[in-house]
């Protein structure tokens, strides 16, 4: 009964948010519409982070790497091939998927905190490459003056911030819908099962590394597509868009949103990015300080983040001397994500 | 004359190679702190670059060209960075052990706030670092002029590395560290508080990063992106060298030093990709060894 109410309530809130997002460009000014479009692109990267972190059990700090690959592929290659948004989207998604596939041997054999570290190294290395490969990426100055796109063959060019925002919204909604549908299939179930008990799934004959590789490549494609949306929304990209702080903000958003929930990741990532943009607007000098303090405060407020929450959840009948569950690295799985 | 002719072919690369050793040893001292954090306390400390930056800014603020100022900067930098490490351990105490996501986010928040405080305190421009006047000149190495400070730095960093090795192999604290890497629960059963180990390890990591920051300030100087650079290099060292041995860490650090200097001199066009290539090569050589070895430690 209560579950039913919660489910309906969630559906209603979702519909309300979607309606709000659709009418937003007519309510807010151009600048806010542009910021909203960029936030939507980042929220889509957040969805790919949730897919890996929560659903597949591979906590990642490196989804900015396929995001950057998608954005630069779209800006450098896509704009030469065609000015049709869908084509550029496909180019960007392929670029993100290829980068993710290349890093599969690095990421997939690892588990838990080691994945965090390796993905962080990959993300940072990609940013370094973007900053140094001047002949293609324009170095730290970035690429400006990217030609506007038309969403589909025969449609007019996206000339206004409203149009660009609506295009971003439609693409994000479509892709998120596809991800949600995919997660309801057998593949999604197997991915969750691999996260919860990898040994058992292996024992029953499933090839968990293959599943994880598939999830990694799919998440890379989603992040790559988000990169194409960033190019459309901003018409300018530089390595600063893909820095380490962006990865950490997205991970924070995903953790706030509940790690395994795609909708939660969207909302959480959008919220965190919005707070950052707002802070940098009102406190130009001290924004990182406040943002850092907010990080620490959020971690303490998270229900799964702090010891006392675990004490509260433990059944009262359990003896006080009961040892804590062994730490994550003794197992191949990531038990902390189940908490 | 004959000798000079014989060395001509390697001559242009001698100085970058020497630079690579200095750079690699610096990265080793900085990265060994991260290896301790990660291997012993099982914490991915994203604020590690901040600890280095604290040392770097201390050096820039205190060094005035004399020897006493260097000693003072070293003492202050090491203490400040170690204190920051202990503060970090205190902040991490309430966070559920083994919850790596929240630990990483917490340390990232500290890195962000701490970096902002450093910029607020020392200004947004990259400060100049004054090395002691006696080391400010250059010496002649095999017919080339080379910065005296770097040469002395190579010796000092080698001494630090040797001392670190002896401490980990021979002292009781080192034994505890190695035992905690192998089986943290058993160490806890022996009556050593995990919270104390965590505080000790983070303090040691801070001291190492702080020392690297002060001594390495003329090589990787303090600035707004220092923390990021050092964190990235340290992470790559951990990925390349694993957590199994200090020799692995040292080899990985030296390799990165040579890649960043000699590699750039030899293959300027491929320079941006060299670190990636190194990771791929190590992976190919060790195949699945990387993950299994980590799982075992």
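Here, each number is a calculation from the coordinates, and none is a lab measurement. Keep in mind that this is a model prediction, so the values were computed, not measured. In this analysis, Cβ positions are derived from the backbone assuming ideal geometry, glycine residues included, and neighbour counts consider all displayed protein chains.
For chain A, calculate the relative contact order in percent as a whole number, restricting contacts to Cα pairs under 8 Å that are 6 or more residues apart. Write out the running numbers ahead of the final one.
Numbers: 498 pairs, mean separation 102.5, N = 339.
Worked out over chain A, it gives 30 percent.
Arranged by the count of other C-beta atoms within 10 angstrom, fewest first, what order do A:31, B:13 take? Provide the component values of the computation, followed by the final result.
Values: A:31 9, B:13 14.
If I rank by nearby Cβ atoms, fewest first, I get A:31, B:13.
Quick check for you: which residues of region A:39-61 have the amide N under 17 Å from the point 7 Å beyond the Cα of residue A:173 toward its beta carbon?
A:39-41, A:43-44
Considering every residue in A:117-127, what mean count of other chain Cβ atoms within 10 Å of its Cβ is obtained? Could the numbers behind the result be given before it?
On the way: counts 11, 7, 0, 8, 13, 5, 1, 8, 9, 2, 2.
Mean shielding count: 6.
Most exposed first by the Cβ proxy, i.e. fewest other Cβ within 10 Å, how do A:111, A:10 rank? All intermediate terms of the calculation are to be shown ahead of the outcome.
Details: A:111 21, A:10 13.
Ascending Cβ contact count within 10 Å gives the list A:10, A:111.
When chain A is modelled as a GNM with alpha-carbon springs shorter than 10 Å, which of A:195, A:184, A:38 fluctuates the most?
A:184
Angle, helix A:186-196 long axis vs. longest principal axis of chain A, Cα atoms, 0 to 90°, nearest 10?
Helix A:186-196 sits roughly 50 degrees off the main axis of chain A.
Mind ordering B:177-189, B:231-243 by average Cβ neighbours within 10 Å, highest first? Each step should come with its number before you reach the end.
Values: B:177-189: 16.3, B:231-243: 24.7.
In descending order of packing, they fall as B:231-243, B:177-189.
To the nearest 0.05, how large is the calculated FRET efficiency for residue B:166 and residue A:155 if R₀ is 60 Å and r is the Cβ-Cβ distance?
Numbers: r = 71 Å, r/R0 = 1.18.
That gives a FRET efficiency of 0.25.
Expressed as a rounded percentage, what relative contact order does region B:1-140 have, with Cα pairs under 8 Å and six or more residues apart? Walk me through the numbers before you get to the answer.
Numbers: 93 pairs, mean separation 41.8, N = 140.
Dividing the mean separation by the residue count of region B:1-140 yields 30 percent.
Let me confirm one metric for peptide A:255-263, namely the mean number of other chain beta-carbon atoms within 10 Å of its residues' beta-carbons. Let's see the in-between values first.
Details: counts 4, 1, 0, 0, 1, 0, 0, 0, 0.
If you average over the peptide's residues, the count of other-chain Cβ atoms is 1.
Over chain B, what is the mean sequence separation of C-alpha contacts under 8 Å (at least six apart), divided by residue count, expressed as relative contact order in percent? Intermediate results must be reported in sequence, preceding the final value.
Values: 429 pairs, mean separation 112.1, N = 297.
Over chain B, the number comes to 38 percent.
I'd like the distance between the alpha-carbon centres of region B:206-269 and region B:14-29, rounded to an integer number of Å.
9 Å
I'd like the orientation of helix B:274-286 relative to chain B: the angle between its Cα long axis and the longest Cα principal axis, in ° from 0 to 90, rounded to 10.
Tilt relative to chain B: about 60 degrees.
Size of chain B along its principal axes in angstrom, Cα-based, largest extent first?
67, 46, 37
May I ask you to give the average projected area over all directions of the convex hull of the Cα atoms of the protein assembly as shown, in nm² rounded to one decimal?
Numbers: hull surface 127.4 nm².
It is 31.8 nm².
Residues of B:113-119, mean number of Cβ from any other protein chain within 10 Å of their own Cβ, rounded to a whole number? Walk me through the numbers on the way to the answer.
Working: counts 10, 3, 4, 9, 4, 0, 4.
Average per residue, whole number: 5.
Please determine, in degrees from 0 to 90 and to the nearest 10, the orientation of helix A:262-282 with respect to the longest principal axis defined by the Cα atoms of chain A, where the helix direction is its Cα long axis.
Rounded to the nearest ten degrees, it is 60.
Go ahead and run the numbers for FRET between residue B:144 and residue A:274, Cβ-Cβ distance against an R0 of 56 Å, rounding to 0.05.
Values: r = 55 Å, r/R0 = 0.99.
Calculated value: 0.50.
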